[in-house]
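A.B. asks: Following this message is one structure expressed as structure tokens.
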Amino acid sequence: MGETILKELREAVLDFDDDGARRLAAEAVAAGMDPVMVLEEGLAKALREVGDSFGRGEAFVTELIAAAQTMEAGAGVLNEEIARLGASRKAVGRFMIGTVEGDIHSIGKNIVKTMLTAAGFEVIDLGVDVKAETFVEKAREHEPDIIGLSALMTTTMTMQREVIKALIGAELRKRVKIIVGGAPVTQAWVEEIGADACGLDAGSAVQVALELMRGD
């Protein structure tokens with residue numbers, strides 16, 4: 001029965017079936033399955049498959065968004081059970097992400113957030129239009145391993161530089177790795193502002209984050 005539920009959960013993500021994901025996650029809980037394992041082997045595994053297809057140019061961004069939403073639908077049920085049991089996933093690392101001040105775009109950030117979660121990161125999402133001082137304040141509070149700075153417009157990408165300056169001023173920069181992302185971001189920009197890496201798309205952002213955690 002367990003393998004059947006996992007298989008159907010993966011199919012629900014691939015079919016963008018939110019209701020099915022919620023129903024199957026509830027069935028897994030009712031059957032006494034380990035919710036952490038179900039999250040990893042059912043939902044997250046399928047989302048990684050879609051992410052890999054997107055990275056190879058075999059899936060559209062709309063499909064990636066839909067798959068991420070389906071994973072979140074099922075994960076909501078499983079996370080409640082994880083909290084109830086007092087269990088927790090062994091996190092790969094802690095990743096704090098936000099869209100910089102002046103920019104209210106969230107779709108790309110949300111896809112990266114979901115794929116990071118699928119890859120095993122504990123993700124702290126600060127939302128959109130986040131001021132540099134807020135990044136500093138939350139970095140002190142949460143002590144992330146990596147901070148992701150999203151900017152979808154050329155007019156707001158300069159705020160990525162301001163966040164890094166603020167972290168340097170607060171003597172926090174040496175404690176964290178910084179990944180910048182967004183349509184206008186390039187490797188040259190990474191070097192110019194003193195970031196550690198860039199994520200050109202959701203898949204590469206996750207790959208880079210994993211490499212930074214391994215010290216590659």
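The values are calculated or read from the model by the stated rules, or taken from the named source; none is laboratory data. No experiment lies behind these values; they were computed from the predicted model shown. Cβ coordinates were reconstructed from backbone atoms using ideal geometry, including for glycine residues, and neighbour counts include every protein chain displayed.
A.B. asks: Among the listed residues Ala209, Ala166, identify the single one that is touching a helix residue (DSSP H, G or I) at 6+ places or on another chain (Cβ under 7 Å), surrounded by fewer than 21 Cβ atoms within 10 Å (Cβ to Cβ), of a type in the set (A, V, I, L, M, F, W, C) and not in a loop (DSSP other than H, G, I, E, B). Explain how you work it out, then say what you get.
C.D. replies: Details: Ala209 fails: surrounded by fewer than 21 Cβ atoms within 10 Å (Cβ to Cβ).
Going through Ala209, Ala166 in turn, just one is touching a helix residue (DSSP H, G or I) at 6+ places or on another chain (Cβ under 7 Å), surrounded by fewer than 21 Cβ atoms within 10 Å (Cβ to Cβ), of a type in the set (A, V, I, L, M, F, W, C) and not in a loop (DSSP other than H, G, I, E, B): Ala166.
A.B. asks: So for segment 64-73 (the condition being modelled with pLDDT under 85 and either closer than 21 Å to Ala139 by Cα or aliphatic (A, V, I, L, M) (or both)), does at least one residue qualify?
C.D. replies: For segment 64-73, residues modelled with pLDDT under 85 and either closer than 21 Å to Ala139 by Cα or aliphatic (A, V, I, L, M) (or both): absent.
A.B. asks: So in segment 126-143, with the set limited to residues that are part of a loop (DSSP other than H, G, I, E, B) and touching a helix residue (DSSP H, G or I) at 6+ places or on another chain (Cβ under 8 Å), which one is nearest to Leu116 (Cα to Cα)?
C.D. replies: Going through the qualifying residues, I end up with Leu126.
Per-residue answers, yes or no, for (1) among the polar types (S, T, N, Q); (2) in contact (Cβ under 8 Å) with a residue 24 or more places away in the chain; (3) over 23 Å from Arg94 (Cα atoms):
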| residue | (1), (2), (3) |
| --- | --- |
| Thr158 | yes, no, yes |
| Val163 | no, yes, no |
| Ala170 | no, yes, no |
| Lys174 | no, no, no |
| Ile178 | no, yes, no |
| Ala188 | no, no, yes |
| Ile193 | no, yes, no |
| Gly203 | no, yes, no |
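A.B. asks: Testing Lys90 on (1) free of Cβ contacts under 8 Å to residues at least 40 places away in the same chain; (2) crowded, with 19+ Cβ neighbours inside 10 Å; (3) not in a helix (DSSP H, G or I), one condition comes back false. Which one is that?
C.D. replies: Of the numbered conditions (1) free of Cβ contacts under 8 Å to residues at least 40 places away in the same chain; (2) crowded, with 19+ Cβ neighbours inside 10 Å; (3) not in a helix (DSSP H, G or I), the odd one out for Lys90 is (2).
A.B. asks: Might you let me know whether segment 103-117 holds any residue that is surrounded by fewer than 21 Cβ atoms within 10 Å (Cβ to Cβ), out of contact with any strand residue (DSSP E or B) (no Cβ under 7 Å at 6 or more places or on another chain) and either at pLDDT 95 or above or of a type in the set (D, E, K, R) (or both)?
C.D. replies: Looking through segment 103-117, none of the residues is surrounded by fewer than 21 Cβ atoms within 10 Å (Cβ to Cβ), out of contact with any strand residue (DSSP E or B) (no Cβ under 7 Å at 6 or more places or on another chain) and either at pLDDT 95 or above or of a type in the set (D, E, K, R) (or both).
A.B. asks: Under 30 Å from Gln160 (Cβ atoms), surrounded by fewer than 17 Cβ atoms within 10 Å (Cβ to Cβ) and among the aromatic types (Phe, Trp, Tyr): is that true of Phe54 in this structure?
C.D. replies: no
A.B. asks: Then there is this: Among the residues of segment 57-104, which ones are assigned by TED's automatic domain parsing to the domain that holds Glu122 and in contact with a Ser or Thr (Cβ under 6 Å, 6 or more places away or on another chain)?
C.D. replies: Selection gives Thr99, Val100, Gly102, Asp103.
A.B. asks: Which helices (runs of 4 or more DSSP H) sit wholly inside segment 1-56 and have at least 2 residues that are of a type in the set (D, E, K, R) and within 17 Å of Ile111 (Cα to Cα)?
C.D. replies: Per the criteria, 45-55.
A.B. asks: Now for a different question. Of all residues in segment 1-44, how many are among the small types (Gly, Ala, Ser) and buried (at least 17 other Cβ atoms within 10 Å of the Cβ)? Steps first, answer last, please.
C.D. replies: Restricting attention to segment 1-44, the residues satisfying the condition of being among the small types (Gly, Ala, Ser) are 2, 12, 20-21, 25-26, 28, 30-32, 42, 44.
Now drop any that are not buried (at least 17 other Cβ atoms within 10 Å of the Cβ), which leaves 12, 20-21, 25, 28, 42, 44.
Qualifying residue count, segment 1-44: 7.
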